[in-house]
Amino acid sequence: MKEKEITLNPDETLEYIKKNVKKHDTLELSYNRVYAPGDVLDINIEEDWGYEALIVSLRLNGELVNDVVRVNMENIKNDLLEVRHVQDDSDITITVE
C-alpha cells in the first residue's frame, strides 16, 4: 500500500476531498475534539443557507457507534486537524495547517 503525507490549508483540503474521495473509500476526519472514521456513502455539493456546501455522508466505524452521519465540511473546515483517506491501494494523510 502506498502511503503519502501532505499538508494543505482548509480550502485545499476540501478541494482534495471533492476531487479524490469516492463512494466506498474510507475517510477519517479529525477536527476539534472529534475523531470520525467511516466509510464514504456519498459526497454531494448542496446549497446551505445560500452557500455552496460539501456534504460527506459516512457510515461510522466504531465499537460504540455504528451510525450514518452527514458532515457539512464547510462548517468544520477551519477546525480540521487531519484527514486520512484510504482508497484501494493508497493511504493519504492530510495535515491541515
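Tabulated values for the structure
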{"item": "Stretchable slack from Lys19 to Ser57, in nm (0.36 nm times residue separation minus alpha-carbon distance)", "result": "12.1 nm"}
{"item": "Distance (nanometres) between label positions extended 7 Å along Cα→Cβ at Ile6 and Leu81", "result": "2.2"}
{"item": "Semi-axis lengths (Å, descending) of the ellipsoid that matches the C-alpha gyration tensor of the chain", "result": "19, 17, 13"}
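Throughout, read-outs are computed from the coordinates displayed, never taken from laboratory work. Since the model is a prediction, treat every value here as computed from it, not as a measurement. No Cβ is skipped: glycine too gets one built from the backbone with ideal geometry, and neighbour counts run over all protein chains shown.
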